[in-house]
Amino acid sequence: MSSKDKLTALRKSTYSLAGLPDTVLVPGLPGRRDETIKPVGSVTLDDIAFALLALQEKSTAIYRETESLRTVYAMARDSGALGADVALDAISFEKEGK
């Protein structure tokens, strides 16, 4: 069975693997190796581990950005802002008691 056939079978075997990519971005290691893109059929467990670390960093950054924007949105809406209003203009930055 070819790598392509194995990949197709694996994707079909369970819903959680439907999004398995054709290639994996393996980040570089300073002074040791350059960033590479490898076919998923040839990645090692170490390649996957390093790729997961890099993806987790990206995921965390996206989550923080999403939550920050969600908070600004909620603060502006709570201040009475409407859809066409500039969000930061609607938020009061004065602290209570000052």
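Some notes on this structure:
- Rounded, prolate or oblate (a/c below 1.5 giving rounded, otherwise prolate when a/b exceeds b/c) for the range 4-54 by Cα gyration tensor: prolate
- Helix axis angle, 45-78 relative to the chain longest principal axis, alpha carbon, degrees: 20 degrees
- For the chain, the longest principal axis of the Cα atoms and the long axis of helix 3-13 meet at an angle of about 50 degrees.
- Charge context of A87, other residues only, Cβ under 14 angstrom, K/R +1, D/E -1: -1
- Amide H contacts of V24 (H built 1.01 Å from N, under 5 Å, at least 5 apart or other chain): K38, V40
- For the chain, fraction of C-alpha pairs farther apart than 23 Å, in %: 54 percent
- Theoretical ellipticity at 222 nm over the chain - DSSP helices of four or more residues, -39500 (n - 2.57) apiece, nearest 500: -16500 deg cm²/dmol
Bear in mind these aren't lab numbers, they're just calculated from the coordinates by the rules spelled out. This one's a predicted model, so the numbers in the text were calculated from it and none came from an experiment. Cβ atoms come from the backbone with ideal geometry, glycine included; neighbour counts cover every protein chain shown.
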